[in-house]
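Everything on this sheet refers to the single structure shown next.
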Amino acid sequence: METEMWKARSLEELVRILHRLFAEDKVSVEEVQALMESYESNPEEWLQYAKFDQYRYTRNLVDNGNGKFNLMILCWGEGHGSSIHDHTDSHCFMKILQGNLKETLFEWPEKKGNGEMTKKSERVLRENQCAYINDSIGLHRVENISHTESAVSLHLYSPPFDSCNTFDQRTGHKHKVKMTFYSQFGERTLCVSRRWHAVLQPLTERCHMWGWG
Amino acid sequence: MAAAEPGEPAVPEEDPEAEPEPELELSAELRSRRSAEARRLVLSPRRLSGPLPAGLSQWFPALELLDVSGTGLAELGGGLLALPRLHTLLAKNNRLGGPGSLPKGLGQAPLGRSLRVLNLSGNRFAELPPALLGLRGLQSLSLGGNRLHGIPPDIQELRSLEFLYLGGNFITSIPPELANLPSLSYLVLCDNKIQSIPPQLAQLHSLRSLSLHNNLLTYLPREILNLVHLEELSLRGNPLVVRFVRDLTYNPPSLQELAGRTIKTRNVPYAPSDLPENLVRYLSLASNCPNPKCGGVYFDSCVRQIKFVDFCGKYRIPLMHYLCSPECSSPCSSASQSSTSQSESDSEDEASVAARRMQKVLLG
């Protein structure tokens, strides 16, 4: 059976094709990865989802894929990075929309591990590149190592999940965490524990960085 | 999009043999774009060899945001000084850093009073430019990706600072005066060469996020547990010690120290007129031994000890304690000294309570 290679000419088209692909019983990782990579990032199309936080990276839901997948945009300020984490038995696609992100792969720690986790490899992903990972491949840390540029990435997770494990690099100990959305469908989701978001005057710097309106 | 490389101006040349004069072109371009209402101005990438035009404040009097990133600027020039409404200046990825990069009289000018956000990342500053210290209203400062070797104590003059980004430099130590910034909530010191954190940093009560990854830290001061509002802390990429360490070089206290300790612990009354000024000052420098059973003080003679504290029940952070004598024990753990011991003790001690208050730690 031939695998069709789709070309998404806009973010909207990307979402439409994804819905079609995931309506089938079987979805090909290669097909999805090629589709994600085919979309040429156009900030005008995703700016409304790209909400930055000065303290850490944000997760902004774009589409919930009829329950089959979550499509979200992550915004990384300078120096922002994630913990080492797994993907709760789901597929994870990560496409760079702006800037660069460093991905460091790690081996799963030993069961009773009490030593430093083993780094497998690292690479810097460039604009429009799309990476793929799942738990059988390993664990990873993603970070924006730039001190001058912010980064934006488009993530697809299937099936959707809202919790995962984070790992301490020095010991391999894991810790389950719940993941939340900073915004959904372009609307900021406030939660009580981060009250101070509303109190602090938002720094306008980041949305002006690209020189848009 | 993201700040691009400095490039040639896009204006077609009429005489292919004439050298382009970027400053004249810029002046002409800005003069033709002048606007009394415009609040934002973003310059396209180019390669300037001189400062911004002097006419800037006349042509754009209402300017609130100016982005001159990626334009090759080696000095900003005085044209900015008279912009009374400018609150955001982005000058990333330029050639700033030499003397005269920032205009003289910055603190006293209208710009000095209005500026809230200043981004000088990706330049060539080897030291924090003194001209900056006059910006009393500055809330956000970035000098990421420069060539800083240190932070001047005078940084405490930036009284309004909330956001300070100094990642990606060559900083080796942090002055305790940094702790005198009352509103600091976001401090980024990652990717530097920092070997220790001054305990005074725990006085930054507003600190929400502290980024220390990729430095040369072997331990943290115990006082870091006092940062009760800290929600983000990154420590990966530091050679943090993993085994219990007891510093065996204990210098016995001097007679002056023993006398000082006695006066403090026995509450011997004294007035400033009773003692020479230097001894009054000496007595005021007493530090409390954290051992709850001791209640003593120490001056210069102390035992350094590294103990581990669990954060969130999972991560073990090495904290440095100063105890007044080898007989004292740290409040953090009364358990055994092996590296694999759990540091939960039977009774709540102040360190465990403080550690649990830290809501999120981004570690390793």
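The values are calculated or read from the model by the stated rules, or taken from the named source; none is laboratory data. What you are looking at is a predicted structure, and each value in this text was computed from that prediction instead of being measured. Cβ sites come from the backbone with ideal geometry, for glycine too, and all protein chains shown count toward neighbours.
For this structure, a couple of remarks:
- Which numbered condition B:Pro292 fails, given (1) more than 29 Å from B:Leu184 (Cα to Cα); (2) modelled with pLDDT of 85 or more; (3) of a type outside the set (A, V, I, L, M, F, W, C): (2)
- Helices (runs of 4 or more DSSP H) lying entirely in segment A:1-117 (those with 3 or more residues that are within 13 Å of chain B (Cβ to nearest Cβ)): A:43-46
- Any chance A:Val124 is buried (at least 19 other Cβ atoms within 10 Å of the Cβ) and in a strand (DSSP E or B): no
A quick yes/no check of all residues on (1) of a type outside the set (Phe, Trp, Tyr); (2) under 25 Å from B:Leu184 (Cβ atoms); (3) in contact with a Ser or Thr (Cβ under 9 Å, 6 or more places away or on another chain):
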{"site": "B:Arg47", "(1), (2), (3)": "yes, no, yes"}
{"site": "B:Gln58", "(1), (2), (3)": "yes, no, no"}
{"site": "B:His87", "(1), (2), (3)": "yes, yes, yes"}
{"site": "B:Arg95", "(1), (2), (3)": "yes, no, yes"}
{"site": "B:Ser121", "(1), (2), (3)": "yes, yes, yes"}
{"site": "B:Ala131", "(1), (2), (3)": "yes, yes, yes"}
{"site": "B:Ser142", "(1), (2), (3)": "yes, yes, yes"}
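- Failed item in (1) touching a strand residue (DSSP E or B) at 6+ places or on another chain (Cβ under 9 Å); (2) touching a residue at least 60 places away in the same chain (Cβ under 8 Å), with A:Glu40 passing the rest: (1)
- Exactly one residue out of B:Leu204, B:Leu212 is out of contact with any Gly (no Cβ under 7 Å at 6 or more places or on another chain) and under 19 Å from A:Ser146 (Cα atoms), and it is B:Leu212.
- Residues located in segment A:180-189, provided they are surrounded by 14 or more Cβ atoms within 10 Å (Cβ to Cβ) and at positive phi: A:Gly186
So that you can scan it fast, the table gives a plain yes or no per residue for (1) out of contact with any Leu (no Cβ under 9 Å at 6 or more places or on another chain); (2) at pLDDT 90 or above; (3) surrounded by fewer than 22 Cβ atoms within 10 Å (Cβ to Cβ):
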site: A:Gly138; (1), (2), (3): no, yes, yes
site: A:Arg141; (1), (2), (3): no, yes, no
site: A:Ile145; (1), (2), (3): no, yes, yes
site: A:Ala151; (1), (2), (3): no, yes, no
site: A:Leu154; (1), (2), (3): no, yes, no
site: A:Phe167; (1), (2), (3): no, no, no
site: A:Arg170; (1), (2), (3): no, no, yes
site: A:Lys178; (1), (2), (3): yes, no, yes
